[in-house]
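Notes for the one structure printed next.
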Amino acid sequence: MKNEIRLEMDALPENEGLARVAVAAFITPPNPTVEEICDVKTAVSEAVTNAVIHAYEGKGGRIVVRCSLEEGLLHMEIEDFGRGIADIPKAMEPLFTTRPELERSGMGFAFMEAFMDSLEVESEPGKGTRVIMEKKLGAASREDGEE
Amino acid sequence: MEEEYRIIDRYLMIRLPEEIDHRSCQEISRRADRMLLSSEVKDVVFDFSRTVFMDSSGVGVLAGRYRRVSCFGGRVYVANASRRIRKILKLSGLMKYLEFMEREENDEKRDQA
């Protein structure tokens, strides 16, 4: 059976940890490995942090995290309504950052890509950004012979 | 929590928090840099023994401190890093700039937890 959650929150640093914990709790039913839980938590953290820092430039706004689980497949969308990304391929390049003064490593999208099975980014400048990620968890990932 | 940042011999030892993310990393960088400025020390040891989570924000902290100390011949050491933390550092391409203080037995226990 399909299960869905929607978490809407202010784009504040203190909510980054909340988003990680909420998603980690949501994905427990398919019995994921510790590694898989860590992977998902990292991906959530990267996407939500991007929204806080880049989409709203630390000035706040709203972030919506949607997750669904069906037969061990996690589908996750993290959406903001901030400044958007003009050049998505450039933004996704490892080590590229628009905020070097904040010591951002430029590895956010690279980590999302590495830790999830798929990553898609939709964005419109001035309107916002939606990051869509999927990952098979627990038995569903092992059936694929991935691990 | 002053004891989390200590000077021992010629090393600045930093005991990192449980979660290293955007929120906690600003404080880590700020306090590390303040101690590096006010002391004669040029080597930094990041102790991950308590750390269970780190995202790319932590990579920024380590890379930033490396940039700061390496121009004076300083080094950045990583101690007690779990398999997960090492995976993150490996992916970030930082490995070749860091010195590792291994403690495998402890790691295995924590990784299984």
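Laboratory data are not the source of any read-out in this text; all were calculated from the coordinates shown. Computed from a predicted structure; not experimentally measured. Glycine gets a Cβ as well: all are built from the backbone with ideal geometry, and neighbour counts include every protein chain shown.
Per-residue ellipticity at 222 nm from helix content only, as computed over chain A with -39500 (n - 2.57) for each DSSP H run of at least four residues, stands at -9500 deg cm²/dmol. I'd like the orientation of helix A:34-50 relative to chain A: the angle between its Cα long axis and the longest Cα principal axis, in ° from 0 to 90, rounded to 10. It works out to around 20 degrees. Basic side chains Lys and Arg get +1 at the Cβ, acidic Asp and Glu get -1 at the Cβ, and with that the dipole of segment A:68-130 about its Cα centre reaches some 380 debye.
Straight-line reach from A:Lys135: taking Cα to Cα under 23 Å and skipping same-chain neighbours fewer than 8 places apart, the lysines in range are A:Lys2, A:Lys41, B:Lys87, B:Lys90. Magnitude of the charge dipole for the protein assembly as shown, about its Cα centre and with charges confined to Cβ atoms of Lys, Arg (+1) and Asp, Glu (-1), is about 900 debye.
Could you give log10 I(q)/I(0) at q = 0.07, 0.08, 0.14 Å⁻¹ for the protein assembly as shown, computed by the Debye formula over C-alpha point scatterers of equal weight, without solvent? Log10 of I(q)/I(0), two decimals: -0.25, -0.33, -0.97. Against the empirical 2.2 N^0.38 Å (N residues), segment B:2-108 has a Cα radius of gyration ratio of 0.98. Computed over segment A:3-143, the percent of Cα pairs more than 22 Å apart is 33. In straight-distance terms, cross-link reach from B:Lys42 covers every one of the lysines whose alpha-carbon lies under 20 Å from its own, apart from those fewer than eight places away in the same chain; here that gives B:Lys96.
For segment B:9-19, backbone phi angles converted through the Karplus equation (6.51, -1.76, 1.60; θ = phi - 60°) give residue-by-residue couplings of 6, 10, 10, 8, 9, 10, 8, 6, x, 4, 10 Hz, Gly and Pro being listed as x. Result for chain A in a Gaussian network model with C-alpha springs under 10 Å: among A:Arg104, A:Arg130, A:Arg66, the largest mean-square fluctuation is at A:Arg104. Taken residue by residue and averaged, Cβ atoms of other chains lying within 10 Å of the Cβ of A:105-112 number 6. Pick from B:Leu37, B:Leu98, B:Leu62: which residue has the top mean-square fluctuation in a GNM of chain B where Cα pairs under 10 Å get a spring? With Cα springs under 10 Å in chain B, the top fluctuation among B:Leu37, B:Leu98, B:Leu62 is at B:Leu37. Within chain B, the selection of entire DSSP H helices by a Cα span of 30 Å or greater along the long axis and an average Kyte-Doolittle value of at least -0.5 returns an empty list. Database remark: amide H of B:Leu12 closer than 5 angstrom to the amide H of B:Asp43, B:Val44, B:Val45 (H placed geometrically; neighbours at sequence offset of 5 or more, or on other chains; Pro and chain starts carry no H). Taking 0.36 nm per residue of separation and subtracting the Cα-Cα distance, full extension of the segment from A:Glu70 to A:Lys127 would add 17.5 nm. Spatial offset of segment A:38-95 relative to segment B:33-83 amounts to 27 Å, using the alpha carbon center of each.
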